[in-house]
Amino acid sequence: MEHLDHLLMGLLTGALFGIVLHKVGAIRYSRVEGMLLLRDLKIMKFAFMGIATASIIYGLADIFGFAEEANLLPRVMPYMGIAHVVGGFLFGIAMASAGFCPGTCVARVGAGKFISIAGVIGLILGIIIYASIQPFLVEVGILGSREKITLHGVFGVPYGPLAVAWGVLFIIFALIADWLDPAKKMGLDNVDSDKSVVEKVIKGEWHWAVSGVLAGSIIAWATAQGEYLGFSGGALAFVGWISHLIGYPLSIVPKVNETIMWHAGLIMGVLPGAFLSALISRTFKFDPVPPAFAKSVTPFPWVRMVLVFFAGVFLALGAMIGGGCTTGAFIAAYPTLSVGPMAMSATYFAVGVLTANLIYFGRWNKFLQSKRESDQVYD
């Protein structure tokens, strides 16, 4: 197979990131919704530490002059104007409705949450729909504008020192979030407090700081490979690759090259990574409906399945239009100091917080009451 080595490296990178996503609890419905409800900030702290780690790695490589030699040259993501708002709006509603993003949707399947297969199908359909409507989006002016705008460019300062300062700032943000975290103050974050250190490493959730350092390091390693870690881009590459294999290539993926194969491997690798982690952790469990969703919204699996499917469609559309997901337009993007992803992520987080609070308006107590059951099934 052509570009097999790139496919395998993408698979390995995706598997490692899938393990981290599973072990930190980022695939869990209650963790994601808890973050958007501003009641459980573990995933936010994890993301902040990932951003800090990658930023400091890139910055130090630039300061000490080995960035080019080590291929640690961060990729600048374009600023696309109104596309960030439109894409972020769609993505935020979908993320809050389903409790996952593209990468964690795939990881959930690997961890035994098989209803998320509907979300994967939705992601694929969303990409196909985007390919068909892209010319229209360009025609009406939503797509088309692409400018390389960065913070260091705006302020006229060298990248390296600003990237290191940016990383330190996000460490401070993570510590403030940890201090403010309602779940921690209410004693709801002590999932594995009764386990030994070894048991916590093997079977329990990992600490947000350790997981963040690992995630940021994997992001930097992806850059050193000459690639960029983003799961919506991985989903696009996978669908594009398959479309070429069956003889119906997508216009938005005109050819299959090394980068396409690496990214296809990236999204595919998340599934076995999460599966292996869930198996070792003994959290591979099939819960048709997450307990918090069942108690607060509806217990019917078919409703959850339909919601997950359409969430997948709109996650894909939002990410394709707006320029990335929670990984590619946030954790992996902020260390590059690109302004575009900041506009995208600010939009989908604001919309996500609003949507989640509308869904659980007046029902937060039920969400709290389901916490112990959510922990037991690793929802």
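The values are calculated or read from the model by the stated rules, or taken from the named source; none is laboratory data. Predicted model only: the values in this text are computed from it and were never measured. Cβ placement follows ideal geometry from the backbone for every residue including glycine, while neighbour counts extend to all protein chains displayed. Protein only, heavy atoms only, side chains kept; ligands, DNA and RNA dropped before computing areas. Shrake-Rupley method; radii C 1.70, N 1.55, O 1.52, S 1.80 Å.
Of note:
- The condition of being basic (K, R) and at pLDDT 80 or above holds for only one of K184, K195, that being K184.
- Among the candidates F275, F238, residue that is farther than 23 Å from I129 by Cα, open to solvent by 50 Å² or more (accessible area, probe 1.4 Å) and modelled with pLDDT of 95 or more: F275
- Set side by side, the residues S217, S232 differ, and just one is hydroxyl-bearing (S, T, Y), at pLDDT 75 or above, touching a Pro at 6+ places or on another chain (Cβ under 8 Å) and outside any loop (DSSP other than H, G, I, E, B), which is S232.
- Among residues of the stretch 43-64 that are farther than 9 Å from W208 by Cβ and among the charged types (D, E, K, R), those with a beta-carbon under 9 Å from a residue that is open to solvent by less than 10 Å² (accessible area, probe 1.4 Å) and modelled with pLDDT of 95 or more at least six positions away or on a different chain give the pairs D62/G160; D62/A163.
- On inspection, G322 passes the criterion of being touching a Gly at 6+ places or on another chain (Cβ under 6 Å), over 27 Å from P182 (Cβ atoms) and open to solvent by less than 10 Å² (accessible area, probe 1.4 Å).
- Every residue from the stretch 243-260 that is open to solvent by 80 Å² or more (accessible area, probe 1.4 Å) and closer than 20 Å to L137 by Cα: S251, P254
- Some residue of the stretch 76-97 being of a type in the set (V, I, T), within 21 Å of the chain's Cα centre (by Cα) and assigned to a loop (DSSP other than H, G, I, E, B): yes
- Residue selection: D5 fails the criterion of being over 15 Å from the mean Cα position of the chain (by Cα), modelled with pLDDT under 95 and outside any helix (DSSP H, G or I).
- Residues of the stretch 345-377 satisfying the condition of being of a type in the set (F, W, Y), surrounded by 15 or more Cβ atoms within 10 Å (Cβ to Cβ) and in a helix (DSSP H, G or I): Y348, F349, F367
- Among residues that are part of a helix (DSSP H, G or I), in contact (Cβ under 8 Å) with a residue 40 or more places away in the chain and either touching a Pro at 6+ places or on another chain (Cβ under 8 Å) or not polar (S, T, N, Q) (or both), L38 is not included.
- Residues that are open to solvent by 20 Å² or more (accessible area, probe 1.4 Å) and among the hydrophobic types (A, V, I, L, M, F, W, C), drawn from the stretch 116-135: I117, V120, I121, I124, L125, I128, I129, I133
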